Structure formats: C-alpha cells, structure tokens
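Working notes for the structure below.
The values are calculated or read from the model by the stated rules, or taken from the named source; none is laboratory data. What you see is a predicted model; the values in this text were computed from it and never measured. Cβ placement follows ideal geometry from the backbone for every residue including glycine, while neighbour counts extend to all protein chains displayed. All accessible areas refer to the heavy atoms of the entire protein, side chains included, with ligands and DNA or RNA removed. Shrake-Rupley method; radii C 1.70, N 1.55, O 1.52, S 1.80 Å.
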Amino acid sequence: GENVEQHPSTLSVQEGDSAVIKCTYSDSASNYFPWYKQELGKGPQLIIDIRSNVGEKKDQRIAVTLNKTAKHFSLHITETQPEDSAVYFCAARDPGANNLFFGTGTRLTVIP
Amino acid sequence: GAVVSQHPSWVICKSGTSVKIECRSLDFQATTMFWYRQFPKQSLMLMATSNEGSKATYEQGVEKDKFLINHASLTLSTLTVTSAHPEDSSFYICSVGRADQPQHFGDGTRLSIL
C-alpha cells in the first residue's frame with residue numbers, strides 16, 4: 001500500500017518568514033495530494049491540493065509543488081503569520097479506493 | 001460553510017459503555033464516508049470506509065465487532081464503539097468526499113473512557 005513520509009516533524013519560523021514542509025510517497029499510481037491544517041481539538045481543514053497532472057499550484061500565501069518523477073511534493077507558506085501555527089498533514093490518495101494516506105504531520109510554530 | 005457535521009464533540013464515559021458517534025454530510029449525498037482515529041500527537045489512521053446500504057470495509061487490525069458502522073442514509077453514518085475501554089480513548093474523525101473530489105473532515109469526537 002501507499003506510504004507517505006513527512007518532514008520535518010516540527011518547524012519554528014519567525015513571523016514573516018517562509019515555511020516549507022516536504023512529503024514523499026511510495027505508490028506511483030497515487031494521483032491526488034491534499035494538504036490539511038489541523039488546529040488543536042479540531043478536525044483537519046483542507047488548505048490546498050494538487051493533482052498529478054499539475055506541477056505547481058498557488059493560492060495567495062500558500063503553494064504546493066509536485067515532482068512525480070521523484071514522488072515528492074511540498075507545501076510552501078510565505079509571509080507566515082501567528083495564525084498559521086498548527087499541525088499540517090500531507091496526504092496521498094489511492095485512485096482506486098478514494099481513501100487518503102496521511103503523513104505523520106508537521107507542527108508549525110510562527111513566532112511573533 | 002461546514003460540509004460535515006460530527007456529534008458529539010466530546011464524550012466521557014465509564015469503561016464498558018457503548019458510545020455512538022454521528023457523522024452527517026451537509027452538502028451532498030455521500031455514498032461513502034470514512035472514519036479515522038487519531039491518538040495524541042499522531043497522524044490520522046483510517047479505520048473503515050462506510051458504504052451506504054452495505055457493509056463497511058475495515059482496515060487491517062480494526063475489529064469490526066468493536067467498532068460498528070452503520071450508513072443507513074446518504075447523509076448519515078454512525079460509529080458505535082462497543083464496550084469501550086480506556087485504550088479506546090482517542091479522537092475519532094469522519095470525512096466525506098465524492099470520488100475524485102476533495103475530502104472534508106468533521107471536527108472530530110474526543111472520546112475519553114474512564
């Protein structure tokens with residue numbers, strides 16, 4: 001089955017700096033890669049996603065890049081703000097079953 | 001607005017009690033819903049796929065007699081933790097999403113078994 005690895009597990013940045021979180025996946029058949037933000041005591045919230053036919057996608061301060069050949073994708077957050085502090089999860093979807101395989105999460109702390 | 005509604009948000013009960021958690025799809029009719037479990041500071045682990053009108057599909061290692069899933073309508077799936085014990089204490093989260101569309105998660109249910 002699919003195996004998703006995520007790094008780093010914790011990340012601290014100064015407000016205004018950029019943050020980058022990286023994930024790798026094992027199943028070359030996976031074709032959809034969402035990123036979720038989870039705040040304490042809440043369910044994960046979708047912040048951006050990318051499909052395998054696209055190399056990059058941007059939404060304001062958030063961008064995701066995908067390298068299918070290398071089987072890795074990354075989340076980029078620019079001009080970080082304290083409210084960006086949360087746990088971020090990457091995921092890959094099995095195209096046949098529609099279920100998601102999650103990375104281990106990254107706890108991002110933005111220092112004011 | 002919210003796509004998924006999950007209830008209750010927090011349950012505390014005695015060991016041996018059965019607990020039912022509801023997951024409602026608010027925006028569309030969901031033939032499939034997913035149930036995840038998340039232990040503190042860990043990732044989400046898929047427990048089972050709930051299928052409307054048929055039996056749920058459980059992931060390896062998840063006891064189907066322990067975690068009963070019912071998906072009787074296109075907008076409601078329930079997870080019942082039967083005879084819960086302290087080791088069942090966790091954060092249970094459901095998600096909905098059409099095939100080839102993003103999945104959206106409920107706000108989770110924190111289950112604490114004393």
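Some values worked out for this structure:
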{"item": "For q = 0.10, 0.12, 0.21 Å⁻¹, Debye-computed log10 I/I(0) when each Cα of chain B counts as one equal scatterer", "result": "-0.26, -0.37, -1.15"}
{"item": "Sulfur and carbon atoms: percent of accessible area, the protein assembly as shown [1.4 Å]", "result": "48"}
{"item": "Accessible surface ranking that places the most exposed of A:37, B:55, A:58 first, with a 1.4 angstrom probe", "result": "B:55, A:58, A:37"}
{"item": "Partner chain coverage, peptide B:31-40 - average Cβ within 10 angstrom", "result": "2"}
{"item": "Cα lying deepest toward the dipole's positive end in the protein assembly as shown, options B:105, A:6, B:15, charges on Cβ", "result": "B:15"}
{"item": "Residue-level accessible surface for residue A:27, protein heavy atoms, 1.4 Å, Å²", "result": "50"}
{"item": "Per residue value of the accessible surface for chain B (all protein chains in place, 1.4 Å probe), Å²", "result": "51"}
{"item": "Alpha carbon Rg of the protein assembly as shown, scaled by the compact-globule rule 2.2 N^0.38 Å", "result": "1.02"}
{"item": "Whichever aspartates and glutamates have a C-alpha closer than 19 Å to that of residue B:64, once near sequence neighbours (fewer than 8 apart) are set aside", "result": "B:22, B:52, B:87, B:88"}
{"item": "Number of partner chain Cβ atoms within 10 Å, mean per residue of B:88-98", "result": "2"}
{"item": "Alpha-carbon centroids, the stretch B:1-47 and the stretch A:1-19: separation in whole Å", "result": "26"}
{"item": "Order of exposure, largest accessible area first, which applies to A:89, A:101 with probe 1.4 Å", "result": "A:101, A:89"}
{"item": "Where no second cysteine Cβ lies under 4.7 Å, the cysteines concerned in chain B", "result": "B:13"}
{"item": "Counting all C-alpha pairs of chain A, share separated by more than 23 Å (%)", "result": "23"}
{"item": "Whole-Å distance, taken between Cα centres, linking the stretch B:64-95 and the stretch A:42-83", "result": "31"}
{"item": "Between B and A, accessible area buried - total, square angstrom, nearest 100, 1.4 angstrom probe", "result": "1500"}
